[in-house]
Amino acid sequence: MATLWEGRLSGATTDALKALNDSLQIDKRLYREDISGSTAHVKMLVSVGLIDESDGELILDALKTTEEEMASGSFVFQPEDEDIHTAVERRVTEIAGEAGARMHTGRSRNDQVVTDLRLWTLKNLDELARLVVSLQESLIEQAEKAEAARLPGYTHLQQAQPVLLSHHLLAHAWALSRDFDRIMETRSRTDVSPLGAGALAGSSLPIDPLMTSELLGFSETFKNSLDAVSDRDFAAEAIFVNALLAVHLSRIGEELVLWSSEEFGFVEIDDAYTTGSSMLPQKKNPDIAELARAKTGRIVGHLTGLLTVLKGLPLTYNKDLQEDKEPLFDSFDTNTLVLTALTGIFNSITFNKEKMAEAADKPFSVAIDLAEYLVNEGMPFREAHALIGGLVKTSIEDQKDFNEVVLENENFGPEIEDFFKPEMAIKRRITPGSTGLKAVEVQKEQMKKHLEIQISMMSR
């Protein structure tokens with residue numbers, strides 16, 4: 001098959017141009033979407049009378065055969081196949097003969113390519129949403145199992161207040177729920193058919209973009225042909241969604257790295273999700289958690305790269321847009337791997353509740369409770385804050401138990417001894433959304449209901 005532009009240009013392209021221009025190795029994964037788009041386009045062409053039924057049947061049969069060959073791995077790509085679109089058209093023409101040359105009527109690669117990419121993105125947003133829900137389910141299940149287990153809550157990685165393990169796990173689940181919402185919102189803006197926009201200005205032929213849109217299952221059809229073929233904001237948004245999701249996954253990974261260290265000892269990651277050392281026999285390394293952190297940089301880089309490509313492009317299509325696929329594909333591929341692995345970790349993780357409780361029950365962890373006790377007694381908060389801070393300082397400098405220092409202070413009576421009992425700091429938390437026992441039970445139910453809504457959204 002000759003080049004698609006042989007009528008205008010003569011002579012063979014240089015090897016350098018071909019190497020730089022060809023995108024087959026990247027975009028060949030779009031073959032199902034490309035064949036779906038071509039199938040809808042041909043059916044439309046038959047419907048409006050631009051292709052007769054017999055030619056239409058030949059083309060549709062050839063498209064089906066081509067898809068079967070590609071799916072089975074028997075398809076033979078040729079050196080002249082610049083991209084997946086060229087490869088499909090070449091093969092269809094080989095099978096269908098002269099009829100195959102009619103397949104591209106009323107269509108440009110400009111609207112063809114972006115149609116394929118939108119179809120692919122929609123499918124993979126759905127899969128990403130499913131994986132996010134799976135990780136949420138694992139976190140919720142562990143939150144249920146945690147019961148009243150507690151651990152230190154941190155600010156600046158310094159122990160601050162005790163919190164329920166369930167509360168901590170649900171914090172990650174809520175962040176993921178917002179990622180799910182963003183995925184769905186991005187999906188709605190991606191769900192627009194560009195097919196029929198042509199190269200940039202539509203067509204003089206009586207094609208029916210609404211029909212192809214409906215055949216492909218899009219919710220909307222493009223409103224402006226220039227915009228339809230030139231923008232990749234949906235791709236950038238999809239990468240952004242992946243990037244922010246990756247940031248949340250990185251935070252989970254970071255905690256798993258810390259918590260599985262000997263210094264923390266809060267969790268035991270199943271051997272199936274760890275590696276050993278090539279030199280140190282005792283090592284058990286949380287490689288997946290570490291890679292969850294590292295892969296984030298990769299996806300953030302993809303977002304920066306695509307935005308930079310898009311920032312200076314005049315309307316409409318420019319070859320620069322060929323650079324949209326690789327970062328988009330890799331962002332989804334990367335998060336798919338990380339989500340699957342992290343879900344596996346939480347399905348099999350073991351929490352060392354005793355070690356967590358030991359770390360949570362440090363005397364200084366009740367400092368804010370003591371300050372709030374004084375506030376309830378009528379003392380201004382800043383005065384109470386300064387007083388308790390001074391008692392902490394005295395305890396450290398005099399190497400004296402904090403509870404003893406507190407009990408010796410005239411502002412406290414014997415009832416304050418209860419403040420130093422394990423679990424009391426958590427029991428005193430009474431505000432909605434807090435780490436208090438009742439509040440977390442309410443939160444669990446809220447999270448479950450939210451998850452049900454998410455699952456129902458996926459099924460529509």
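No value in this document is a laboratory result; all are computed from the given coordinates. Predicted model only: the values in this text are computed from it and were never measured. As a convention, Cβ positions derive from the backbone with ideal geometry for all residues, glycine included, and neighbour counts pool all protein chains shown.
Report the gain in length on full extension from LYS284 to TRP174: 0.36 nm times residue separation, minus Cα-Cα distance, nm rounded to one decimal.
36.6 nm
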Fill in the blank from the handout: Given unit charges at Cβ for Lys, Arg (+) and Asp, Glu (-), the dipole magnitude of the stretch 318-405 about its Cα centre in debye, nearest 20, is 100 debye
Exercise for the section: Along Cα→Cβ, 7 Å out, is where each label goes; now give me the distance between the ones at LYS353 and PHE77 in nm to one decimal. Expected result: 5.4 nm
Handout entry: Of the GluC sites (Glu not before Pro) in the stretch 389-460, those whose Cβ has at most 15 other Cβ within 10 Å and which sit in DSSP loop
Key = GLU408, GLU410, GLU423
Exercise for the section: Starting from the Cα of LYS400, draw a straight line to each of the aspartates and glutamates and keep only those under 15 Å, dropping any in the same chain fewer than 8 residues away. Expected result: GLU408
Practice task
Considering the options PHE234, ALA87, ALA294, tell which one lies farthest towards the positive end of the dipole of the chain, charges being +1 on Lys and Arg and -1 on Asp and Glu at the Cβ, about the Cα centre.
Solution key: PHE234
Practice task
Report, largest value first, the span of the C-alpha coordinates of the stretch 110-349 along each principal axis, in whole Å.
Solution key: 71, 38, 32
Handout entry: Per-residue Cβ neighbour rank within 10 angstrom, fewest leading, THR121, THR105
Key = THR105, THR121
Fill in the blank from the handout: With +1 at each Lys and Arg Cβ and -1 at each Asp and Glu Cβ, the charge dipole magnitude of the chain around its Cα centre, to the nearest 20 debye, comes out at 440 debye
Practice task
Write down, largest first, the equivalent ellipsoid semi-axes of the stretch 255-371 in whole Å, where each equals the square root of 5 times an eigenvalue of the alpha-carbon gyration tensor.
Solution key: 41, 21, 12
Completion exercise
Ranked output for segments 50-56, 166-172 by mean other Cβ atoms within 10 Å, highest leading, reads 166-172, 50-56
Fill in the blank from the handout: A convex hull over the alpha carbons of the chain yields, per residue, a volume in Å³ of 206 Å³
Problem - Spin-label pair GLU262/ASP233, simplified geometry with 7 Å Cα→Cβ offset, distance in nm - result: 5.5 nm
Problem - Candidate lysines - alpha carbon under 26 Å from LYS284, same-chain residues fewer than 8 apart omitted - result: LYS145, LYS295, LYS353, LYS355
Practice task
Would you mind getting me the FRET efficiency between ARG251 and LYS64? Use the beta-carbon distance for r and R0 = 45 Å, nearest 0.05.
Solution key: 0.45
Fill in the blank from the handout: For the chain, the charge dipole (Cβ of Lys, Arg +1; Cβ of Asp, Glu -1; about the Cα centre) points to a positive end, and the Cα of GLN454, TYR373, PRO162 closest to that extreme belongs to TYR373
Problem - Inter-part distance where the stretch 64-120 and the stretch 174-191 are each reduced to a Cα centre, Å - result: 32 Å
Practice task
Report the FRET efficiency, 1/(1 + (r/R0)^6), for THR431 and THR105, where r is their Cβ-Cβ distance and R0 is 60 Å, rounded to 0.05.
Solution key: 0.35
Problem - Positive-end extreme of charge dipole, the stretch 360-459 - chosen from ALA386, ALA360, LEU407 (charges on Cβ) - result: ALA360
